[in-house]
1. Under a 1.4 Å probe, what is the accessible area of the chain per residue, stated in Å²?
2. With the Cα gyration tensor of the range 475-552 in hand, give its eigenvalues times 5 under a square root as the equivalent ellipsoid semi-axes, listed largest first in whole angstrom.
3. If I take R0 = 51 Å and measure r between the Cβ atoms of SER60 and LEU754 in this structure, what FRET efficiency does the formula 1/(1 + (r/R0)^6) give, to the nearest 0.05?
4. What is the Å³ per residue value for the convex hull set by the Cα atoms of the chain?
5. How do HIS101, HIS683, HIS49, HIS389 rank by accessible surface area computed with a 1.4 Å probe, from largest to smallest?
6. Treating only the Cβ of Lys, Arg, Asp and Glu as charged (+1, +1, -1, -1), what charge dipole size does the range 610-764 show about its Cα centre? Round to the nearest 20 debye.
7. So, in Å, what gap is there between the alpha-carbon centers of the range 140-157 and the range 754-774?
8. Using the alpha carbon gyration tensor of the range 386-476, what are the three equivalent-ellipsoid semi-axes (square root of 5 times each eigenvalue), largest first, in whole Å?
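The values are calculated or read from the model by the stated rules, or taken from the named source; none is laboratory data. What you see is a predicted model, and the numbers here were worked out from it, not measured in a lab. We place every Cβ from the backbone using ideal geometry, glycine too, and count neighbours over all the protein chains shown. All accessible areas refer to the heavy atoms of the entire protein, side chains included, with ligands and DNA or RNA removed. Shrake-Rupley method; radii C 1.70, N 1.55, O 1.52, S 1.80 Å.
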Amino acid sequence: MYADIALPIPLPPLTYEVPATCRPLLLPGVRVRVVAGRRRLVGVVVAVHERRPEGVNLRSIDEVLDREPVVPADLLELARFAADYYLAPLGEVLRSMLPGHLPPWGDRKVWLTDAGALALPRDPEEAAVIEVLREGGRRTVGEIQSRLGLPELERVLAGLAERGRVASEETNPKGARYVTAVELAPGEVGKHLATAGRSAAGREVIEYLAAVGRPATVGEVVAAVDCGPAVVRRLISLGVLRKFSQVERLSLDRHRLGGMPGGTPEDTAIRLRPDQEAALQPMLEALTAQRFAPFLLAGMTGSGKTEVYLRAADAALQAGRATILLVPEIALVPALARTVEQRFGPELAILHSGLGTGERHQEWERVRRGEARVVLGPRSALFAPFPPHLPLGLVVVDEEQDSSYKQEIVPRYNGRDLALVRAKQAGAVAVLVSATPSLESRHNAAQGKLTPLQLTVRAGQGELPEGILVDLKEEAPKRVPGEVLFSARLQSEIQEALARSEQIILLRNRRGYAPILLCRACGEDNRCADCGLPRTFNRRTAQLLCHYCGSTRPLPERCPVCGEDALEPVGAGTERVEEQFRELFPGVTIDVLDRDTARRPGGPAALLERFARGDVRVLLGTQMVSKGHHFPNVGLAAVLSADSYLGFPDFRAVERTYNLLVQLAGRAGRGERPGRVVIQTYHPRHYAIQAVLKSDDAGFVREEMRFRRAFHYPPFSRLVQLLVRDKNREKAQALAAELAHDLAAHPLSRQVRLSGPAPAPLERLRGQWRFQLLVRSADGRALHRLMKEVLPKIPSWDLTIDVDPQQLL
């Protein structure tokens with residue numbers, strides 16, 4: 001017997017010989033440990049057969065790691081499609097489908113109990129297992145399988161465990177495990193901080209518990225704050241924290257990750273409007289027929305799209321089928337998780353990388369056993385492994401236009417597009433949801449590939465916000481030095497919103513204090529040596545940080561080149577905007593949500609909880625503040641500079657600007673009072689900005705489609721980006737030119753359009769020079785054939801192949 005193994009290396013599956021003891025467990029989808037070259041790797045079996053390759057010396061499989069496939073047949077089929085379409089190694093695709101550090105079944109240790117040592121076996125198989133355990137004491141399941149080769153080993157072990165004859169790491173005979181948890185003692189947080197004294201770690205523990213607003217285990221606190229248990233013990237002795245014991249439960253952190261306030265109370269029934277009923281009906285018909293049906297559910301922000309697809313999810317469950325709900329970013333999971341958990345209770349599993357290893361494995365196993373029939377998470381949740389008796393019935397892709405669905409490392413798949421493929425393979429309903437659908441989805445709907453469904457009214461008493469345009473050219477730049485962050489009109493709107501006790505959301509798409517720390521004496525701008533780009537000045541951490549490679553430098557007191565005391569921050573990130581806001585509006589509480597603050601104790605969920613409770617009046621952040629949040633008390637939303645989004649060197653820059661501004665505007669006016677959105681710009685006549693202000697979605701689509709058609713960009717063509725990288729600039733340029741020549745010389749090149757080679761917009765990153773080729777064609781099949789026939793199967797140089805890229809930087 002032979003097996004084809006897909007390994008996480010840039011090679012096609014390799015063939016290995018199957019030892020006799022491994023044959024009973026060897027099925028497609030199980031993991032095995034093998035030697036490849038000089039390394040021991042874990043791969044996935046993709047085929048088992050009796051065909052020995054000619055002229056090849058085969059190695060044997062070392063160990064079978066699973067008692068049953070961890071990649072079910074439907075996901076194996078999806079992996080093959082993704083590997084072929086995205087021109088990626090099958091092993092890399094399969095690795096991305098599985099949780100990291102998934103424990104092998106064969107590593108579980110088993111031993112005889114006192115009763116088992118004296119027991120009489122029921123059959124020869126039990127006798128063989130008991131004899132092995134008597135000889136060796138504690139043995140791993142893999143060792144027992146290698147020794148005996150029993151096809152039904154798991155059944156035998158389960159029977160022995162049920163009668164108390166064996167114990168394992170999964171069955172603790174002492175019963176439940178208790179862990180120590182802590183909570184803040186009654187009293188004001190300020191007094192607790194004063195009691196903690198100068199201990200920075202102690203203050204962080206107090207701030208963390210105050211932020212999450214619930215008890216937490218000592219282990220969770222220590223991990224979140226990165227301190228030692230002694231810090232927690234000291235706070236307990238000071239009376240700041242109260243200690244108690246509780247049964248360990250891995251679901252504790254689900255409250256942190258999915259415990260956003262809000263959502264629909266269980267005892268409150270929502271009556272659908274006629275437009276919602278009309279949108280839901282074709283989904284229900286397709287679910288009843290158990291056929292593949294792709295829909296595009298569009299509608300203004302706050303129009304109740306979530307309620308429509310949750311009704312469809314409920315119908316799928318009633319029909320005995322599973323549901324996957326995808327959101328673009330981890331930060332958006334808390335905003336939806338509570339609503340979904342109230343609706344489906346223990347049927348819900350949350351899958352994303354923000355979970356601890358144990359939590360993620362627990363949720364993944366609940367899905368694999370069929371205990372959880374609704375899965376919520378970002379793009380990786382698409383690979384939820386439902387068992388064969390629980391077929392997939394519904395896949396929902398919320399905020400489908402978001403570029404976060406595109407993975408930027410191998411395999412570079414798009415979760416939105418693969419969701420359609422998985423739904424088609426399963427005969428399930430697929431629903432793409434957005435207030436601002438991508439141009440690709442709009443085009444597919446126009447071509448009949450998606451069925452359009454439109455919601456036309458905002459839910460409840462909410463109305464679309466009033467648009468207010470601020471032309472920054474009229475803000476007298478000579479009178480106001482530097483960039484204008486808060487125009488006179490915006491300051492006035494903020495004052496009025498505060499006077500009405502409304503909350504405010506401010507959008508600034510730059511992190512840190514300033515994007516450049518410039519020496520006014522010599523012009524030094526502290527560029528990253530590996531990336532050639534200025535480092536961002538972070539005042540909070542007193543560092544200069546490169547956001548592309550992550551390298552840092554301490555903040556210099558003087559210019560490192562000329563030695564002058566002439567360093568000046570140029571531009572403004574969220575830290576500087578926060579500083580200026582506090583100067584203009586002293587005493588007004590403000591929080592910052594960006595990727596830097598998202599890594600702090602409590603993460604985005606704790607920060608959004610504070611804002612939802614009304615503890616914070618103003619939420620400032622990058623694009624994370626614009627999507628998926630429902631805060632009824634937000635009366636004002638403002639983008640401080642719309643031009644920073646329009647200026648990106650990417651053909652999708654205008655579309656992203658429009659989507660972002662519409663999404664931001666949608667955060668305001670969701671309660672009983674109408675909201676307002678302020679857009680500050682130096683280009684007030686730009687069609688994207690005018691379309692936002694006039695709520696003219698059709699006008700924007702018309703103008704942007706005209707541009708895309710004229711320059712042969714998606715959705716009117718398929719696009720592949722080829723990126724060549726090397727530490728030597730001349731070598732990278734020469735390799736890119738050689739690749740362009742090979743592509744142009746192929747007969748299929750007559751059906752494609754080549755652009756380049758040219759330096760990438762970010763020409764140097766992480767110490768490597770980058771040159772790119774863009775290959776476009778209206779014929780997607782011809783484009784793929786060209787790539788497969790010309791591109792090297794195993795390049796000896798650094799080549800990135802990005803099919804359907806979402807960004808070209």
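1. Working: 35920 Å² over 809 residues.
Computed with neighbouring chains in place, this is 44 Å² per residue.
2. Details: eigenvalues 210, 62, 16 Å².
Semi-axes (√(5λ), whole Å): 32, 18, 9.
3. Plugging the Cβ-Cβ distance into 1/(1 + (r/R0)^6) gives 0.65.
4. On the way: hull volume 166.3 nm³, N = 809.
Residue-normalised Cα hull volume stands at 206 Å³.
5. Values: HIS101 165, HIS683 105, HIS49 20, HIS389 130 Å².
From most accessible down to least: HIS101, HIS389, HIS683, HIS49.
6. Computed about the Cα centre, the dipole is about 340 debye.
7. 53
8. Values: eigenvalues 230, 75, 36 Å².
They are 34, 19, 13 Å, listed from largest to smallest.
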